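Below is one structure, written out as structure tokens; the observations come after it.
The values are calculated or read from the model by the stated rules, or taken from the named source; none is laboratory data. A quick note: this is a predicted structure, and the numbers were derived from the prediction, not measured. With ideal geometry, Cβ positions are generated from the backbone for all residues, glycine too; neighbour counts draw on all protein chains shown.
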């Protein structure tokens, strides 16, 4: 990985963590995960950080793209993503 790209991703990761901490400070514990996801998306918007929410992730098998129901919670600036949910 190029040093400049690595620095960008480290800074971006720091911004995402900061946004997540802000959401948790505002909401506190105990809500459904979907509530935190929506609020994190809003916080990213407020911070002017580009993202895609619930982006589908097709699986490729022997040259054929298959929709197996995978989705990315968040794809942030095309570089950082959260866990996968089938």
Of all residues in region 71-86 being surrounded by 11 or more Cβ atoms within 10 Å (Cβ to Cβ) and outside any strand (DSSP E or B), which is modelled with the lowest pLDDT?
82
When you scan region 7-39, how many residues do you find that are modelled with pLDDT of 90 or more and touching a strand residue (DSSP E or B) at 6+ places or on another chain (Cβ under 8 Å)?
2
Given (1) part of a helix (DSSP H, G or I); (2) surrounded by 10 or more Cβ atoms within 10 Å (Cβ to Cβ); (3) free of Cβ contacts under 8 Å to residues at least 60 places away in the same chain, where does residue 9 come up short, assuming only one miss?
(3)
Total residues in region 61-70, condition in contact (Cβ under 8 Å) with a residue 12 or more places away in the chain and part of a strand (DSSP E or B):
0
Of all residues in region 19-29, which are exposed (fewer than 12 other Cβ atoms within 10 Å of the Cβ) and in a helix (DSSP H, G or I)?
21, 25, 26
So which residues in region 30-60 are touching a residue at least 12 places away in the same chain (Cβ under 8 Å), out of contact with any helix residue (DSSP H, G or I) (no Cβ under 8 Å at 6 or more places or on another chain) and assigned to a strand (DSSP E or B)?
52, 54, 55, 56
